[in-house]
1. Of the listed peptides 378-388, 318-328, what is their order by residue-averaged count of other C-beta atoms within 10 Å, with the highest listed first?
2. For the chain, what is the calculated [θ] at 222 nm in deg cm²/dmol (nearest 500), taking -39500 (n - 2.57) for each run of four or more DSSP H residues and dividing by its residue count?
3. Restricting to the chain, compute how many DSSP beta bridges are antiparallel as a %, nearest 5.
4. Remind me, relative contact order of the chain in percent, using alpha carbon pairs under 8 angstrom and six or more residues apart?
5. Mind checking which lysines have their C-alpha under 22 Å from residue 352, skipping anything on the same chain fewer than 8 residues away?
6. What lysines does residue 287 reach when the alpha-carbon gap must be under 28 Å and sequence neighbours fewer than 8 apart in one chain are set aside?
7. Packing-wise, with mean Cβ within 10 Å as the measure, how do 450-460, 47-57 rank, highest first?
8. From the square roots a ≥ b ≥ c of the eigenvalues of the alpha-carbon gyration tensor of region 253-300, which class results: rounded (a/c under 1.5), prolate (a/b over b/c), or oblate?
Amino acid sequence: MTDLTFDRRAMLKTAGAAAVGLSAIATAAAPRRKYVIVGMGSRSRMYLTAITKTYQDGNELVAICDTNPGRLETAAKFVAANLSKDGGVKPKKYLAADFDRMIKETKPDCVIVTCPDAYHDDYIVRALDAGCDCITEKPLTTTPEKAQRIADACKRNNRHVRVLFNYRYSPPRTQVKDLLMNGVIGDVLSVDFQWLLNTLHGADYFRRWHSQKAISGGLMIHKSTHHFDLVNWWLGSEPEVVQAYGKREYYTPKMAQRMGLKSHHERCHTCPEKDKCTFFLDITADKNFKELYFDNEKHDGYFRDQCVFRPEIDIEDTMNVIVKYRMGATLSYSLNAMNAWEGYNIAFNGTKGRIEHSIVEGGAVSAGATNYQADQDRERIRVIPLRGKPQDLEVWTGTGGHGGGDTVMLNEVFGKAEPDKYKRAADERSGFYSILIGAAANRCFETGAAVKISDLVTGLTSPVVAPMPTRDDPVPMPLRS
Ligand SMILES: NC(=O)c1ccc[n+]([C@@H]2O[C@H](COP(=O)([O-])OP(=O)(O)OC[C@H]3O[C@@H](n4cnc5c(N)ncnc54)[C@H](O)[C@@H]3O)[C@@H](O)[C@H]2O)c1
């Protein structure tokens, strides 16, 4: 198996060769790769569109699956509106309880997992055991125990699971990787990383299933998986030891009262104080949003607009983490979900200088909530040589979701994969190291003691990484000042 979980073209070749014989391959149209998707919420839309529209030539959606029959219907309608003029096969609909039957009947090449985080492992393991490839949304999973199940299933089936870390593909983050790979600041000794969520986007995590640690793993898993993966990938190294502190002090019943509300309530839609509360989300204001969530509440009782001040919330809103890496670097990271702006600052301190990178993002929440936009979206990459002059670089740009990252990634997954010197295609090995920092941090929140990553899951192996500067490279003497 190569560094990619599976190579689409190689897969098609193999399937074609078995069916029609090698000599016919050159002339026969390549068979479409068959997918099923589990979890028909908002994130699935990106995959539905990619498979049934943008990349429909080589791909086919054979089935969709969800616990909520209403959302299955909503997804089916969305696909019908998307399908190209020449048809494409309408996907079959299956309830989650019929997942195994779906696999048997539709025989997919690949299962895509886009349901809530804590359920990923179950579908990943069943897909692998059924002989399918698997692509999962981040986070790979939510706990070390679930990670172990996935590790064991990968080993048992001699397969990797593709984890779509879309953040790696955003052009400015790829540019930072390029600078680090090229040794522009030598080898990295330490990293300072702050991620800020504002009170619109940040608050939204406290309304949804994300606010229950048993389902999302908390923000250390659900959100920080992106950030820890970025650092792991940027450094080309694996985390060894984690220390962390976390608390929830803003999204609390007490804060509702300090802001002048009588109390927290169940949800926005029926809130008696909606006129006074600026965290109010009108779930019926946006047509798509209403169709996806509000209209389907009757099937499973899930409210997408729960009060952000509910006492049952058990995730943190303020987190600080320190990580020691195998190659020697240390990371100091913070995540804060109630900030004045949205985005991040990161600095890499190297033997030849420092890279500072920041992005100010517009923190959007749909469904009619006031959509805060930063004065302008600001992206910055600055290189400062030791004792040298700072240089602001022109930042690489792209278009599409997540700063242009989604487009590049989808092209690689569903279109024509090109060799990638940055090694952005990630599998479960990167997925583990990313979520295990978060899992270790969650454990630190409870015990206060540092956690060794190697104590969490056994049999981990290293991800494939791009070559990076090493601790043995010569280092130029800094200029006299
Ligand atoms: N890469 C990214 O930037 C990004 C962005 C958003 C979401 N995500 C990930 O995508 C996944 C889905 O998030 P979302 O925002 O679409 O959530 P969502 O709440 O909009 O949708 C989740 C869907 O899963 C269904 N579901 C719930 N339990 C299920 C089960 N046991 N089996 C099958 N289906 C089940 C729900 O009915 C719903 O339709 C999550 O893992 C999330 O972390 C990734």
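Laboratory data are not the source of any read-out in this text; all were calculated from the coordinates shown. All values reported here derive from a predicted model rather than from experimental measurement. Virtual Cβ from ideal backbone geometry, glycine too; neighbours counted across all protein chains shown.
1. Top to bottom by mean Cβ count within 10 Å: 318-328, 378-388.
2. -8500 deg cm²/dmol
3. Counting DSSP beta bridges with both partners in the chain, the antiparallel share is about 60 percent.
4. Answer for the chain is 20 percent.
5. Here the lysines satisfying the reach criterion relative to residue 352 are 177, 324, 389.
6. Partners within reach: 53, 77, 85, 90, 92, 93, 138, 223, 274, 276, 298.
7. My ranking of the peptides, most packed first, is 47-57, 450-460.
8. Prolate, because a/c is 1.5 or more and a/b exceeds b/c.
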